[in-house]
1. Tell me which residues, restricted to the range A:44-67, are modelled with pLDDT of 90 or more, farther than 13 Å from A:Pro3 by Cβ and not in a loop (DSSP other than H, G, I, E, B).
2. If you check A:Leu117, A:Leu83, which single one turns out to be surrounded by 14 or more Cβ atoms within 10 Å (Cβ to Cβ), away from every other protein chain (no Cβ under 14 Å), in a helix (DSSP H, G or I) and touching a helix residue (DSSP H, G or I) at 6+ places or on another chain (Cβ under 6 Å)?
3. Taking the residues in the range A:86-114 that are among the charged types (D, E, K, R), more than 9 Å from chain B (Cβ to nearest Cβ) and over 30 Å from A:Arg136 (Cα atoms) as candidates, determine which candidate is nearest to the chain's Cα centre (by Cα).
4. Keeping to the range B:44-60, report how many residues are within 16 Å of A:Pro96 (Cα to Cα), in contact with a Ser or Thr (Cβ under 8 Å, 6 or more places away or on another chain) and not small (Gly, Ala, Ser).
5. Restricting attention to the range B:86-99, which residues are touching a helix residue (DSSP H, G or I) at 6+ places or on another chain (Cβ under 8 Å) and within 9 Å of chain A (Cβ to nearest Cβ)?
6. What's the number of the only condition in (1) buried (at least 21 other Cβ atoms within 10 Å of the Cβ); (2) not in a helix (DSSP H, G or I) that A:Gln92 fails to meet?
7. How many residues does the range B:59-80 hold that are assigned to a helix (DSSP H, G or I) and crowded, with 17+ Cβ neighbours inside 10 Å?
Amino acid sequence: MRPRAFLDLARELVRGPTEAHWRAAVGRAYYALLLEGRAALQRWGFVALRRDQVHAFVRFRFLYAADADLQKFGRTLARLNALRNQADYEPQVPGPFRDRRVAGQAVRDAEIHLPYLDTVEADPLRLAAVIADIRRRWP
Amino acid sequence: MTTAANIPVLITADAEQRLQELGMRTELDAMLEYTKKTVPGLRAIEVRPYFEQDGTMLIITAYKDPPDTEDDPAQRNWDSWAVQAFPPEVHRWFLFEVDYRESNAAESIP
């Protein structure tokens with residue numbers, strides 16, 4: 001299964017009728033981005049050493065990328081990470097999960113930013129520059 | 001009618017402290033100014049800390065009216081601007097989010 005399949009599930013969940021659906025949708029959208037980002041980094045030769053470091057490992061490689069689109073990917077990943085923590089660990093207050101709008105927007109933003117990885121990979125020159133930059137920044 | 005000049009801004013005490021540690025007051029001011037000028041239907045702004053393993057970030061929440069359309073590009077537009085306006089060493093500490101709830105930020109400002 002490709003991790004982006006989680007985004008299909010997020011789309012279904014966000015159409016669901018309850019707060020639990022909307023919270024779960026944010027989590028699936030976040031993991032679609034995180035795991036696709038990790039898979040891309042692996043293909044490019046960068047592997048997180050420990051599982052518990054994966055979230056920061058992936059986020060920072062993209063946040064600090066020289067490529068502006070990858071920085072945007074990193075920012076969306078960071079934002080969804082914060083929203084996902086709220087969704088999973090703060091069920092006592094409805095917060096942004098009072099209705100489906102914020103979760104729906106999170107899923108849409110994930111849909112828009114995920115293809116940035118494909119776009120970079122489809123351009124060998126751009127990809128080579130990205131890999132060289134990450135290698136330089138994280139020797 | 002609310003204008004950019006009188007949009008209430010609440011920066012929590014914890015956020016103020018973190019801002020001083022980061023030494024990024026000028027950058028936050030620019031972010032608040034941009035938010036006031038560009039986010040349609042903006043009612044209030046709140047800045048609060050977000051505790052992360054890798055260092056406490058600041059979340060800028062824009063309380064705004066819901067958009068007329070299904071998609072609200074406010075967050076994407078803000079992120080695109082931030083990536084152009086600041087290096088990663090700065091923008092990594094700030095998250096921007098929108099919230100369609102009412103805010104009591106106006107009443108909380110001393």
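The values are calculated or read from the model by the stated rules, or taken from the named source; none is laboratory data. Here the structure is a predicted model, which is why all the values come from computation and not from measurement. Cβ atoms come from the backbone with ideal geometry, glycine included; neighbour counts cover every protein chain shown.
1. The answer is A:His55, A:Ala56, A:Phe57, A:Arg59, A:Phe60, A:Arg61, A:Phe62, A:Leu63.
2. Only one candidate passes the filter, namely A:Leu117.
3. Checked the range A:86-114; the qualifying residue nearest to the chain's Cα centre (by Cα) is A:Asp88.
4. So the answer is 6.
5. Hits for the range B:86-99 are B:Pro88, B:His91, B:Arg92, B:Leu95, B:Phe96, B:Glu97, B:Val98, B:Asp99.
6. (1)
7. The number of residues fulfilling the criteria is 5.
One line per residue, one yes/no per condition, for (1) at pLDDT below 95; (2) assigned to a helix (DSSP H, G or I); (3) surrounded by 13 or more Cβ atoms within 10 Å (Cβ to Cβ):
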site: B:Ala30; (1), (2), (3): no, yes, yes
site: B:Arg48; (1), (2), (3): no, no, yes
site: B:Glu52; (1), (2), (3): yes, no, yes
site: B:Ala82; (1), (2), (3): no, yes, yes
